[in-house]
Amino acid sequence: MDPQPLRYRSAAGRWVLLATVLGSSLAFIDATVVTIALPAIGRELGAGAAGLQWTVNGYALSLASLILLGGSLSDRFGRRRLFLAGIAWFAVASLLCGLAPSIELLVAARVLQGVGGALLTPGALAILEASFAAEDRARAIGAWSGLGGIGGALGPFLGGWLVETGSWRYIFLINLPVAAIVLWVTARHVPESRNPAAARTFDIAGLITGVIGLGGLTYGFTAWPENGPADPVVLISLTVGVLGMAAFVVAERRSRNPLLPLTIFRTRAFTGANVVTFLVYAANGGVFLLVVVNLQVVAGFSPLASGIALLPVTALMLLLSARAGALGQRIGPRLPMSAGPLICAAALIWLAMVGAGASYLTDVLPPVILFGLGLALLVAPLTATALGALDDSYAGIASGVNNAVARVAGLLAVAVLPLAAGLGGGDLTDPAVLSPVYRTTMLLCAALMTAGSILAWLLIPARLPTRTPQPAFCDTCAPPLRPADIPPTDRSAQ
């Protein structure tokens, strides 16, 4: 007998939430915490700047390039199965990172870590979407967002402590016991699900062109801030990325069993949610890049004080995300997805005024709290809409698309926003140069948030339609269902 959808407050639901939060946190934390260990890595392995840069970029490149593949595979072969495979892969790669005797092997292991992250990241959200009852999904996704933010905030502190008291290798080796817990909880408590109509044949052309496209864009945007937009490597990478994505669209239109069914973009709410995601996460990329730097360089805060300045955002996400998800479920996603970015925009205009001699309590904390309230109101309904706009059978690919859009937006923002604000070849460590760049960047980010609010109001329905449940819980070894075996779906959101 197929398992029943889980309720948010049930013991089984909490186990599923624990597994997905811990698993996702592994990938989130390792995307950033390694930067704390770079000086120690360089000293021990004798690595130069290029090797250390690739220690960071190698992970980001493979993760972003393959995240669509991870989402598609989870729909085809089972979300729990791919999540377990991703966690196990990530753990083995973490062990290789911790034991790496040279910078070359460390970079290779980091690339493998990114592959594991690409398998587990979309699977976590897809599991939540497929496992919970429809009325509890938004609350579960909100709780996942808030708890995941805690992991992301604690990661740098934990990483710094491990590097100072032990070795940089511990920031990778500590993943092993966490991965073991996730594997045990997932195998024991997480139900399996997949798209029962998905073909088992593989879209090779879509895979190759998708990896080339996302890989080219990721590498180009990653190299842009350091090398500049006129650098041949940046230009070639971005050109390859654009051409690769164009070829990907052509391949998917022609494929009988596409990696990414383009028909999903006919659903207005799904497309709208991803457009809003792009704008909001581009703004977030600029905020989290420059606020902390501005507090140190211009306002004169210590590294520790500037590092914890944005912690109220994480605390508010933890406290309010699940409630915001439930609110979006009750009143519909349009209002919170429109109001949240507007609140963030007001906070960023306020933050733009933070300059020399600023006080944390009077000048920084109030707009940071306002920004956290806006994000808490926005993120859970946004993510729930990106997944809930499509049938449950597409939960994996919907999560993969939304994750890919968010990552590309963040990379683009880090590359482009400082240039758009007039940085040019200036130095971010010079207060006279940084101050006007910071102010303009915050205003640009506020404009992006405002645009996201307007588009959410125009593109997101007042309520998502109630869909006929798909038989998503199934034997993953069974053949795909015939179209005639699948109940019709509600197309009213299209």
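Since every read-out is calculated from the coordinates, none of them should be taken as a lab result. Here the structure is a predicted model, which is why all the values come from computation and not from measurement. We place every Cβ from the backbone using ideal geometry, glycine too, and count neighbours over all the protein chains shown.
The angle between the Cα long axis of helix 49-77 and the longest principal axis of the Cα atoms of the chain comes to about 20 degrees, rounded to the nearest 10. A convex hull fitted to the Cα coordinates of the chain yields 136 cubic angstrom per residue. A viscosity of 1.002 mPa s and a temperature of 20 °C, combined with the Kirkwood radius over Cα pairs in Stokes-Einstein, give a translational diffusion coefficient for region 1-192 of 127 µm²/s.
In the chain, helices alone account for a calculated mean residue ellipticity at 222 nm of -25500 deg cm²/dmol, with every DSSP H run of four or more residues adding -39,500 (n - 2.57).
Among the trypsin sites (Lys or Arg not before Pro) in region 1-64, those located in a DSSP loop and surrounded by at most 11 other Cβ atoms within 10 Å of their own Cβ are Arg9.
Start at zero, step by 10 Å, and the Cα-Cα distances of region 163-261 spread as 14, 21, 20, 31, 12, 1 percent across the bins. Only Cα pairs under 8 Å and 6+ residues apart enter the sum, and on that basis the relative contact order of the chain stands at 22 percent.
Across every pair of non-identical alpha carbons in region 263-465, the mean reciprocal distance, once inverted, gives a Kirkwood radius of 17.2 Å. To the nearest Å, what is the center-to-center distance of region 248-326 and region 373-449, using C-alpha atoms only? With region 248-326 and region 373-449 each reduced to a Cα centre, they are spaced 5 Å.
With a 10 Å radius around each residue's Cβ, average the other Cβ atoms per peptide and rank 230-243, 336-349, highest first.
336-349, 230-243
Axis of helix 365-388 versus longest Cα principal axis of the chain: the two differ by about 20°, to the nearest ten degrees. Over all distinct Cα-Cα pairs of region 227-318, the Kirkwood formula returns a hydrodynamic radius of 17.3 Å. Helix 11-32 axis versus longest C-alpha principal axis of the chain: approximately 40°, rounded to the nearest ten.
About its Cα centre, region 1-157 has a charge dipole of approximately 300 debye under the convention of +1 per Lys or Arg Cβ and -1 per Asp or Glu Cβ, with nothing else charged. Once Rg and the Kirkwood radius are both taken over the C-alpha atoms of region 203-256, their ratio Rg/Rh works out to 1.10.
Calculated over region 72-159, the projected area of the Cα convex hull averaged across directions stands at 6.6 nm². D by Stokes-Einstein for region 23-84, Kirkwood Rh over Cα pairs, 4 °C, 1.567 mPa s: 97 µm²/s.
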